[in-house]
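Participant: Okay, here's the structure, questions in a sec.
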Amino acid sequence: QVDQLERREAELDLARSELLALNNDKDRLFSILAHDLLGPFNAIIGFSGLLKMRAEHLNPEKIVEAADAINESATGLHQLLASLLEWSKAQMDGASVNFQLIDVDQIVSAVRELFLASARQKNIRIVGEILPVKATTDADMLAAIVRNLVSNAVKFTPSEGEISLNLESDNQWVNIRVADTG
């Protein structure tokens, strides 16, 4: 009975450790999600606030420009939420990493587009070269990583700054570089 109790105690300790690790993963995921959602919301709030306060003094071209930026941010936010919901459903179904051959350049370009309005709002230019690259990876995880890097770059780059986003491959490695003047 003592041996059995010791085994049960060891099993409980292991289960407790696994639960703590899962809880930490959940906390980290929520932190990433909140971070990824802030950028597009900031652009929507900023441009809609500009329209609210200055619409009567803006020429029609500026109103259309602000409306386009709001639409661009809202569309990007919608895509981000749809991806997150799809990913969360996959996690609940027990799926983990989904390796597949993907066009990395499409993911990097989509993330760039997602943050263009936020960058424009701060007068930040996003420059760089995104070359066509294929790789076997998890598209959702890669997108989350690149979103996090670009979001931080927009957040910490001062007005009139520049973010460089580059994608290249040497046939062995895929290199995604995000650099900023912040």
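Participant: Any idea which of GLU86, GLU72, GLU56, GLU113 is open to solvent by 70 Å² or more (accessible area, probe 1.4 Å), over 27 Å from VAL174 (Cα atoms) and acidic (Asp, Glu)? Break it down into steps so the answer makes sense when it comes.
Facilitator: Working: GLU86 fails: over 27 Å from VAL174 (Cα atoms); GLU72 fails: open to solvent by 70 Å² or more (accessible area, probe 1.4 Å); GLU113 fails: over 27 Å from VAL174 (Cα atoms).
None of the others qualify; the one that does is GLU56.
Participant: Which is touching a Gly at 6+ places or on another chain (Cβ under 7 Å), of a type in the set (Asp, Glu) and in contact (Cβ under 8 Å) with a residue 24 or more places away in the chain, of GLU160, GLU113?
Facilitator: Selected residue: GLU113, the only one of GLU160, GLU113 that is touching a Gly at 6+ places or on another chain (Cβ under 7 Å), of a type in the set (Asp, Glu) and in contact (Cβ under 8 Å) with a residue 24 or more places away in the chain.
Participant: Are any residues in the stretch 127-138 open to solvent by 40 Å² or more (accessible area, probe 1.4 Å), among the β-branched types (Val, Ile, Thr) and more than 16 Å from ASN166 (Cβ to Cβ), and if so, which ones?
Facilitator: Of everything in the stretch 127-138, just one residue is open to solvent by 40 Å² or more (accessible area, probe 1.4 Å), among the β-branched types (Val, Ile, Thr) and more than 16 Å from ASN166 (Cβ to Cβ), namely THR136.
Participant: Would you call ASN171 more than 15 Å from GLY76 (Cα to Cα) and modelled with pLDDT of 90 or more?
Facilitator: No: the conditions fail for ASN171.
Participant: Looking only at the stretch 110-124, which residues are among the basic types (Lys, Arg) and either farther than 14 Å from PHE47 by Cβ or part of a helix (DSSP H, G or I) (or both)?
Facilitator: Residues satisfying the conditions are ARG112, ARG120.
Participant: Go through (1) over 23 Å from VAL178 (Cα atoms); (2) modelled with pLDDT of 90 or more; (3) surrounded by 20 or more Cβ atoms within 10 Å (Cβ to Cβ); (4) not hydroxyl-bearing (Ser, Thr, Tyr) one by one and return the number of the condition GLN100 breaks.
Facilitator: (3)
Participant: Something else now. Give all pairs with beta carbons closer than 6 Å in which a residue from the stretch 131-146 that is in a loop (DSSP other than H, G, I, E, B) meets a residue that is of a type in the set (D, E, K, R); count only pairs at least 6 apart in sequence or on separate chains.
Facilitator: Taking only residues 6 or more apart or on different chains, the pairs are LEU131/GLU168; PRO132/ASP105; VAL133/ASP105.
Participant: Of all residues in the stretch 141-176 being crowded, with 18+ Cβ neighbours inside 10 Å and out of contact with any strand residue (DSSP E or B) (no Cβ under 8 Å at 6 or more places or on another chain), which is farthest from ASP103 (Cα to Cα)?
Facilitator: SER151
Participant: Here is a list of conditions, (1) over 17 Å from LEU29 (Cα atoms); (2) open to solvent by 40 Å² or more (accessible area, probe 1.4 Å), and ILE124 meets all of them except one; can you say which number that is?
Facilitator: ILE124 satisfies every listed condition except (2).
Participant: While we're here: With the structure loaded, tell me whether GLY46 is modelled with pLDDT of 80 or more, open to solvent by less than 40 Å² (accessible area, probe 1.4 Å), assigned to a helix (DSSP H, G or I) and not charged (D, E, K, R) or whether it fails that test.
Facilitator: yes
Participant: Right, another one. Where the second residue is outside any helix (DSSP H, G or I) and the first is closer than 22 Å to ASP36 by Cβ and lies in the stretch 50-78, which pairs have Cβ atoms under 6 Å and are six or more apart or on separate chains?
Facilitator: Filtered contacts from the stretch 50-78: no entries.
The values are calculated or read from the model by the stated rules, or taken from the named source; none is laboratory data. No experiment lies behind these values; they were computed from the predicted model shown. Using ideal geometry, Cβ is built from the backbone for each residue, glycine included, and neighbour counts are taken over all protein chains shown. Remember, those area values only see protein heavy atoms, side chains included, never the ligands or the DNA or RNA. Shrake-Rupley method; radii C 1.70, N 1.55, O 1.52, S 1.80 Å.
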